[in-house]
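Asker: Have a look at this one before I ask anything.
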Amino acid sequence: MEAPLIEAILQGDVPEIEHLLNTGANVDEVVDDDNENYDHDTTGLMLAISMRRADIVDILVKKGANLDAQNGTGWTGVMIAMTTGQRGIVKYLVNKGANLDLRTRNGHAAIFYACWNGDMSMINYLGKKTSGIVLQGTLDTLLQIQGTPRVILSLVENILNKKHVGGGRRNTKRRR
């Protein structure tokens, strides 16, 4: 049985969400471990993002939702928004202070998913706000993935070089 806040989010019931939060519900409530539809530790914020409910995302963020919470596989709200093409939510969460250096259990940060989607504007946006260490790791991972478009590699490399990490231009030849 889901907590009332999670149930209200799943139903998209904005008045009930506001009522529950105003009467002491935990803004960082997570889905029930028995719920097979969502990863362990998926928060209400992550659900709202998955459901593309910017109005609910805004309510939860304003009530202090943890922007850096990670579900059982290490995904954050920013990563979920990035993989589902919600640029506005990504920028909103980043502007509210979401940490872009967090990584999934597989070692991927939010910028990796922008690269994976081929979203050049988001690569540029996230790249400027992501640490050099994470950018370097992302570039190294992309170099190992067969078929990564050269334009994406070049963009990540250029952003990285502007951060003065690694002392200049990197060799981006594919590793075998």
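Readers should treat all values here as calculations from the given coordinates under stated rules, not as data from a laboratory. Predicted, not measured: the structure shown is a model, and the values here were computed from it. No Cβ is skipped: glycine too gets one built from the backbone with ideal geometry, and neighbour counts run over all protein chains shown.
Asker: Report the FRET efficiency, 1/(1 + (r/R0)^6), for Val14 and His40, where r is their Cβ-Cβ distance and R0 is 30 Å, rounded to 0.05. The partial results should precede the final answer.
Answerer: On the way: r = 26 Å, r/R0 = 0.88.
The formula returns an efficiency of 0.70 here.
Asker: Would you calculate the separation in nanometres between label points at Glu2 and Thr84, each defined as 7 Å from the Cα along the Cα-to-beta-carbon direction?
Answerer: For the pair Glu2/Thr84, the computed spacing is 1.2 nm.
Asker: Starting from 0.36 nm per residue, how many nanometres of slack lie between Ile133 and Lys162 once their C-alpha separation is accounted for?
Answerer: 9.1 nm
Asker: Would you please give the FRET efficiency between Asp68 and Asn106, computed as 1/(1 + (r/R0)^6) with r the Cβ-Cβ distance and R0 = 25 Å, to the nearest 0.05?
Answerer: 0.90
Asker: Through the Karplus equation 6.51 cos²θ - 1.76 cosθ + 1.60, θ set to phi - 60°, convert the phi angles of region 64-76 into ³J(HN,Hα) values in whole Hz; use x for Gly and Pro.
Answerer: The phi angles translate into x, 4, 6, 6, 9, 4, 10, 7, x, 9, x, 6, 10 Hz.
Asker: On to the next question. Convex hull volume of the Cα atoms in the chain, per residue, in Å³?
Answerer: Dividing the Cα hull volume of the chain by its residue count gives 108 Å³.
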